[in-house]
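The values are calculated or read from the model by the stated rules, or taken from the named source; none is laboratory data. As the structure is a computational prediction, the values presented were derived from the model and not from experiment. All Cβ positions, even for glycine, are placed from backbone atoms using ideal geometry, and neighbour counts span all protein chains on display.
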Amino acid sequence: MSEPISGQDDPRQEREEAAQAVTSSRRQLLMGGAVAASAIVSIRPALANTAASVLNCTIPVPDQARAGNYIAPNGQVVPAGTPGAFPAAGRSYTGEQVKQALRGRPLPGAGYEQNQAYLNYIRRLQSGTSGFTCYASLQMPR
């Protein structure tokens, strides 16, 4: 056989390099699949734990800094004795109770109008307020 002329590539060498590239990319693909599979196995339990903790988190109505105040029908915290406002719940509701109330069930121990006022209060929660993280977690899709 003759040697390739300088400046020309050896076809056998090109085939070997192409075969190595295919083998290398297959190996990388398989390794990537293994990593993805292990990630799914470890993420699923974490998501399950997150879902459970969201349902067990609590939302005080109102937060401790404003305890003793009333809740107006629009959800604002107003001074005690304000006409048309409701006494504070004096308790915290779990994420599950709030989730059910947002779907139409009443909060425990609240009449219809009081329930609506408490839900309006919860909807108005802002970052930094006790219960905000719990309420925000309820809003996230699963």
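Taking region 62-88 as the range and being within 21 Å of Ser127 (Cα to Cα) and either modelled with pLDDT under 90 or exposed (fewer than 15 other Cβ atoms within 10 Å of the Cβ) (or both) as the test, the residues that pass are Pro62, Asp63, Gln64, Ala65, Arg66, Ala67, Asn74, Ala88.
In the set Thr82, Thr94, only one residue is under 18 Å from Met140 (Cβ atoms) and either free of Cβ contacts under 8 Å to residues at least 12 places away in the same chain or of a type in the set (Ser, Thr, Tyr) (or both); that residue is Thr94. Checking Tyr135, Tyr118 one by one, the residue that is assigned to a helix (DSSP H, G or I), closer than 14 Å to Leu55 by Cα, hydroxyl-bearing (Ser, Thr, Tyr) and touching a Leu at 6+ places or on another chain (Cβ under 7 Å) is Tyr135 and no other. Within region 96-122, restricting attention to residues that are buried (at least 17 other Cβ atoms within 10 Å of the Cβ) and among the aromatic types (Phe, Trp, Tyr), the residue that is nearest to Asn74 (Cα to Cα) is Tyr121.
Number of residues in region 100-120 that are among the hydroxyl-bearing types (Ser, Thr, Tyr) and closer than 11 Å to Ala89 by Cα equals 1. Residues in region 101-114 that are over 25 Å from the mean Cα position of the chain (by Cα), touching a residue at least 12 places away in the same chain (Cβ under 8 Å) and part of a helix (DSSP H, G or I): Glu113, Gln114.
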